[in-house]
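Presented below is the structure to which this report refers.
The values are calculated or read from the model by the stated rules, or taken from the named source; none is laboratory data. Since we're looking at a predicted model, the values are computed, not measured. Cβ placement follows ideal geometry from the backbone for every residue including glycine, while neighbour counts extend to all protein chains displayed. Ligands, DNA and RNA are excluded from the accessible area calculation, which covers all protein heavy atoms including side chains. Shrake-Rupley method; radii C 1.70, N 1.55, O 1.52, S 1.80 Å.
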Amino acid sequence: MTQLIVLLLVVNLGITYQCYRYAERKGYPVTTFTCLGLVPYFNLVVWVYLLFLPDITPFNKQFEYEGHNEKQPL
């Protein structure tokens, strides 16, 4: 029984790590998706969700360089 619990914990932490990697690679909030990845049974949903989400890293870099805090003309 202990081996099963250890196996489930290792699998859960592995999926959490994958959620962290995909969130970091695609530009999404890492802490949010990592915390959601820690919830058992819900972490598979979050992982698959991250697999199909588009990469928003280019959009984040675009806002950094354009000075998005400046007022835009009407």
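Things worth noting here:
- Residues within segment 24-47 that are polar (S, T, N, Q) and modelled with pLDDT under 90, tallied: 1
- TYR65 vs. criteria hydroxyl-bearing (Ser, Thr, Tyr) and modelled with pLDDT under 85: yes
- Residue list for segment 3-54, restricted to those being charged (D, E, K, R) and in contact with a helix residue (DSSP H, G or I) (Cβ under 7 Å, 6 or more places away or on another chain): GLU24, LYS26
- Meets criteria (under 22 Å from LEU9 (Cβ atoms) and in a loop (DSSP other than H, G, I, E, B)) for PRO40: yes
- Among residues of segment 29-50 being of a type in the set (A, V, I, L, M) and without any contact (Cβ under 8 Å) to a residue 12 or more places away in the chain, the one that is surrounded by the most Cβ atoms within 10 Å (Cβ to Cβ) is VAL30.
- When restricted to residues that are open to solvent by 70 Å² or more (accessible area, probe 1.4 Å), touching a Lys or Arg at 6+ places or on another chain (Cβ under 9 Å) and assigned to a helix (DSSP H, G or I), segment 51-60 contains 0.
- Of the residues making up segment 7-26, those that are open to solvent by 80 Å² or more (accessible area, probe 1.4 Å) and over 9 Å from the mean Cα position of the chain (by Cα) are LEU7, LEU8, LEU9, VAL10, LEU13, TYR17.
- In segment 10-37, the residues that are under 20 Å from ILE56 (Cβ atoms), hydroxyl-bearing (Ser, Thr, Tyr) and either part of a helix (DSSP H, G or I) or touching a Pro at 6+ places or on another chain (Cβ under 8 Å) (or both): TYR20, TYR22, THR31, THR32, THR34
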